[in-house]
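Written below as structure tokens is the structure these notes are about.
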Amino acid sequence: MVSFTFMTGRFDRAGAALLALVYLAACLLFPPVAVLEQLPYFGIAVTLAAVGQTVLPVAAAQRLLPLAREEGHAISALRVKVGLSLLVVAFSEKLLNPELGDTFLRAYPYFNVVGTLFGWTWFSDRLFGDIAGIVVATIGILLLTGVLTRVVILAMWVPFNLTVPLLPPIDLLSHLPIFGIMSLLLLYGASVAPRSVLR
């Protein structure tokens, strides 16, 4: 239902509210780390609640007008939530949980491109996982702080796009929201321009 509202633009603010409720319900059902890893979805809900396209009756539109004025804050909140999510993922799935990375690389050994391509045996899977964790953590911190946001987003395109042909299609689907957010942040950057400038 939420996807339908977002794709069609019909009742997208209602879809955003429903997505926010689902996310908050997840806080009660799943471990905190798992919920924090999914923060971008809450960021999407907040952003679309502010900048949704739903055509409403005039009376309702006038009541929602103050939300549109918070566009800058909504985009900033989205950037911060993505940064925090990446920081949590860097530690929970890589730096503090190297066994998970080892298991992944045993299933997909060609991901360690440095060790595989150049035959450098010293560049172990553990080292690859640690470096990947450091890179993801750095991206998360830079997004959190709003430093060089567009440059960071362009740098993110490289690892995210490189993994697409190497993983099953289901993994591409799970990355699609991140691709959408990256496109949005590439347009807006850390400081948000007025709507009239962008449209």
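The values are calculated or read from the model by the stated rules, or taken from the named source; none is laboratory data. Just so it is clear, the model here is predicted, and its values are computed rather than measured. Glycine gets a Cβ as well: all are built from the backbone with ideal geometry, and neighbour counts include every protein chain shown.
Annotations
So that you can scan it fast, the table gives a plain yes or no per residue for (1) closer than 22 Å to Ile44 by Cβ; (2) at pLDDT below 85; (3) in a helix (DSSP H, G or I); (4) in contact with a Cys (Cβ under 9 Å, 6 or more places away or on another chain):
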| residue | (1), (2), (3), (4) |
| --- | --- |
| Gly115 | no, yes, yes, no |
| Trp122 | no, yes, no, no |
| Ala132 | no, no, yes, no |
| Val136 | yes, no, yes, no |
| Leu144 | yes, no, yes, no |
| Ile153 | yes, no, yes, no |
| His175 | yes, yes, yes, no |
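- Test: residue in the range 76-84 that is over 19 Å from the mean Cα position of the chain (by Cα), surrounded by 13 or more Cβ atoms within 10 Å (Cβ to Cβ) and either modelled with pLDDT under 95 or not hydrophobic (A, V, I, L, M, F, W, C) (or both): no
- Only listed residue being without any contact (Cβ under 8 Å) to a residue 60 or more places away in the chain, surrounded by fewer than 14 Cβ atoms within 10 Å (Cβ to Cβ) and not hydrophobic (A, V, I, L, M, F, W, C), chosen from Pro98, Pro159: Pro159
- Residue match in the range 35-44 (condition: at pLDDT below 90 and closer than 28 Å to Gly189 by Cα): no
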